[in-house]
Amino acid sequence: MQEMLRGQGFTYVSVTGVYDNQTKRGVGQLQRDRSLKGDPPGVYGPATQAAMR
């Protein structure tokens, strides 16, 4: 997921394998950018996973 976020331009997300604050921030920004609903902000839930496929 971190690699996919970086590939989408979220360059502040480091590929560490840990769901850290940078990752949560990137997921939240992706959710806002795509107007995703269904998952809490910053949570990589089912709606966000589907949007990243």
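Results for (1) touching a residue at least 12 places away in the same chain (Cβ under 8 Å); (2) more than 10 Å from the chain's Cα centre (by Cα), shown as yes or no for each residue.
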residue: 18; (1), (2): no, yes
residue: 21; (1), (2): no, yes
residue: 31; (1), (2): yes, no
residue: 34; (1), (2): yes, yes
residue: 40; (1), (2): no, yes
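Could you say whether any residue in the stretch 5-14 is hydrophobic (A, V, I, L, M, F, W, C), in contact (Cβ under 8 Å) with a residue 24 or more places away in the chain and surrounded by 11 or more Cβ atoms within 10 Å (Cβ to Cβ)? First the steps, then the outcome.
Here is the first cut: in the stretch 5-14, the ones hydrophobic (A, V, I, L, M, F, W, C) are 5, 10, 13.
Subsequent filtering for residues that are in contact (Cβ under 8 Å) with a residue 24 or more places away in the chain retains 5.
Filter once more, keeping what is surrounded by 11 or more Cβ atoms within 10 Å (Cβ to Cβ): 5.
Yes - at least one qualifying residue is present in the stretch 5-14.
Total residues in the stretch 15-25 satisfying the condition of being within 10 Å of residue 41 (Cα to Cα) and either aromatic (Phe, Trp, Tyr) or open to solvent by less than 80 Å² (accessible area, probe 1.4 Å) (or both): the figure is 0.
The values are calculated or read from the model by the stated rules, or taken from the named source; none is laboratory data. Predicted model, so just to flag it, every value in this text is computed and none were measured. As a convention, Cβ positions derive from the backbone with ideal geometry for all residues, glycine included, and neighbour counts pool all protein chains shown. For the accessible areas, the whole protein counts, side chains as well, though only heavy atoms, and no ligand, DNA or RNA atoms are used. Shrake-Rupley method; radii C 1.70, N 1.55, O 1.52, S 1.80 Å.
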